[in-house]
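The values are calculated or read from the model by the stated rules, or taken from the named source; none is laboratory data. Since this is a predicted model, take the numbers as computed values, not measurements. Please note: Cβ atoms are built from the backbone with ideal geometry, for glycine as well, and neighbour counts cover all protein chains shown.
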Amino acid sequence: MNIDELSAVAKAIVAEQKGILAADESGPTIKKRFDAIKLECSEENRRRYREILFTTACVEAHLGGVILYDETLRQSSTDGKPFAELLAQRGIIPGIKVDGGAKPLALHAGEKITEGLDGLRERLLEYRQLGARFAKWRAVIEIDQLDLPSTYGIRANAHALARYAALCQEAGIVPIVEPEVLMDGSHSLERCEAVTSQVLEIVFAELDAHRVAFEGMLLKPNMVIAGLKCAQQADMQQVAAATMRCLARYVPAAVPGIVFLSGGQSAQDATAHLNAMNQLGSHPWQVSFSYGRALQAPVLAAWKGLEQNVAEAQKTFFRRCHLNGLARIGKYHSAMEVTPP
Ligand code: 13P
């Protein structure tokens, strides 16, 4: 492991006004997104859609990295350039989702464990040869009203995240460590903060025990937010304050960047929350984004699978990247949603 190299890659991904596009939807997930615009989920449509994203002009100003899915890393643009090469030539670092998805955790009703460690060392070597310089592994933690998540459920997921992260660093790949506390449910913001705190504390203890270098990784957490079905929703400032308080307590300053997931928030909310956090002043780590839905939902709605809509879809994509780039430095304003900056 060369910590300086890993650290340089991690820092480049979260350079000023930059974040990550999560375009690593698995087959079933991208099918759900295409179903919503009544588009057949064929390999060519998936390729074309990702090509539209990756060839959008000027997005390199706001994207330090793009997370790909296995199939996408092996695909090329219409004129035959592998996507990883196309992105790298634009100064956007290619990454790869390496987890095998969250499955039910045995004897723990309602909880999940992420699979994919078997054979990971070999897969990472191949992914590096194909051009990936960072990876992602997502653990899923669900909150219910009573006793979930269990401490064991959190520990099992933290252990898998740490084993994954250590294997990545061994292979010269920057791990993005993603323990996602889901927004589903009716829990309060306070309960989300308590669970997120416990999760982060255990995750960093496991990473440390596995000798993961914090300088050569990125953390992809949820924001601290009330459950979608909670009657009392917090405002932007409350979310920003609770999230930064929680992360300041549990995330070592050596970690170069926090890259939030959007988790089902609207595109506007995800941008506004990121902006509010960056307006709170300077933090020990870069406070950035690694959005899937919050960057792509408006693009899919504009594209609708039709070639005549490609220009509009790319305009929409650049706009969301640009607005999140402004949120990275606390210079976004909701008025920009109607009047372009
Ligand atoms: P969302 O921003 O849609 O939550 O996706 C981010 C991601 O990569 C989840 O693993």
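Only one of the numbered conditions (1) assigned to a helix (DSSP H, G or I); (2) surrounded by fewer than 24 Cβ atoms within 10 Å (Cβ to Cβ) is not met by residue 283, and that is (1).
Going by the structure shown, is residue 96 crowded, with 22+ Cβ neighbours inside 10 Å, modelled with pLDDT of 95 or more, within 14 Å of the ligand (Cβ to nearest atom) and over 14 Å from residue 217 (Cβ atoms)? Yes.
Part of a loop (DSSP other than H, G, I, E, B) and in contact (Cβ under 8 Å) with a residue 40 or more places away in the chain - does that describe any residue in segment 69-88? Checked against the condition, which is being part of a loop (DSSP other than H, G, I, E, B) and in contact (Cβ under 8 Å) with a residue 40 or more places away in the chain, segment 69-88 yields at least one hit. Only one of (1) under 23 Å from residue 219 (Cβ atoms); (2) part of a loop (DSSP other than H, G, I, E, B); (3) touching a helix residue (DSSP H, G or I) at 6+ places or on another chain (Cβ under 9 Å) is not met by residue 56, so which one is it? Every condition holds for residue 56 apart from (1). For segment 252-274, the set of residues classified as away from the ligand (no atom under 16 Å from the Cβ) and crowded, with 20+ Cβ neighbours inside 10 Å consists of 255, 256, listed by residue number. Restricting the first residue to segment 22-38 and requiring it to be touching a residue at least 12 places away in the same chain (Cβ under 8 Å), which pairs with a second residue that is aromatic (Phe, Trp, Tyr) meet a Cβ separation below 6 Å and a spacing of at least six or different chains? Here the result reads 24/69, each pair linking segment 22-38 to a residue that is aromatic (Phe, Trp, Tyr). Summed over segment 205-243, the residues that are out of contact with any strand residue (DSSP E or B) (no Cβ under 9 Å at 6 or more places or on another chain), under 24 Å from residue 13 (Cα atoms), of a type in the set (A, V, I, L, M, F, W, C) and part of a helix (DSSP H, G or I) give a count of 2.
Among residues of segment 164-198 being within 16 Å of the ligand (Cβ to nearest atom) and more than 29 Å from residue 122 (Cα to Cα), the one that is farthest from the chain's Cα centre (by Cα) is 185.
Every test in (1) farther than 20 Å from residue 270 by Cα; (2) among the small types (Gly, Ala, Ser); (3) under 19 Å from the mean Cα position of the chain (by Cα) is passed by residue 42 save one, and that test is (3). For segment 119-150, the set of residues classified as closer than 17 Å to residue 24 by Cα and assigned to a strand (DSSP E or B) consists of 134, 135, 136, 137, 138, 139, 140, listed by residue number.
The residues listed here are 280, 306, 247; of these, the one that is of a type in the set (A, V, I, L, M), away from the ligand (no atom under 14 Å from the Cβ) and over 26 Å from residue 204 (Cβ atoms) is 306.
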